[in-house]
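The values are calculated or read from the model by the stated rules, or taken from the named source; none is laboratory data. In this text, all values refer to a predicted model and were calculated from it rather than measured experimentally. Heads up, the Cβs are rebuilt from the backbone with ideal geometry, glycines too, and the neighbour counts pull from every protein chain shown.
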Amino acid sequence: MEKPVVLADSEGIRYLESSPVRAAAEKGFSLIEVLFAAGLISFLLAGTAELLLTSIEIDRSSERTVNLAGVLSSEIDEFKAKPFTAAELEPGAGEIVIRPDPEGPGVVVAWSVTAVSENLKKVSFSLIREGVSRKPMEAVLLITRELAGT
């Protein structure tokens, strides 16, 4: 049982009914407080874990996109170096599969060449990873007779 708190001042002695400090037997947290704190921590950790997984997936996706852009840049450079009259720059289409890792998925590089005029050819590229149903990465290269490789 709690003892009343006694205060003395110039007006006399006053008795307070409850102590502002918990008794020794009441120290610590109640079960409800502990369960509430555990639930709140679990909720916050679940949200943080979801954000972490999402950021990892975005990082992987951007890495794949950067790799595809590197392959595309390499293919464009190869076509830019060809002479304007090269067989590969004749109107038509072609496709190759590049496998950086022999056991991993490859990158399908497809292109089509169109003669726009006597001095201008349009090469349209399309890249996609094997086994992926996403939208392919696309680019267009315009080659003129004056600027073509030698």
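Within segment 135-150, not a single residue is out of contact with any helix residue (DSSP H, G or I) (no Cβ under 8 Å at 6 or more places or on another chain), at pLDDT 95 or above and surrounded by 13 or more Cβ atoms within 10 Å (Cβ to Cβ).
Remark: Ser55 matches the filter, which requires a residue to be polar (S, T, N, Q), at pLDDT 90 or above and exposed (fewer than 11 other Cβ atoms within 10 Å of the Cβ).
Counting only strands (runs of 3 or more DSSP E) wholly contained in segment 92-150, the ones carrying 3 or more residues that are farther than 14 Å from Ser74 by Cα and free of Cβ contacts under 8 Å to residues at least 60 places away in the same chain occupy 92-98, 107-117, 120-129. Of all residues in segment 52-77, those satisfying the criterion of being closer than 30 Å to Leu147 by Cβ and either among the aliphatic types (A, V, I, L, M) or touching a helix residue (DSSP H, G or I) at 6+ places or on another chain (Cβ under 9 Å) (or both) are Val66, Leu68, Ala69, Val71, Leu72, Ile76.
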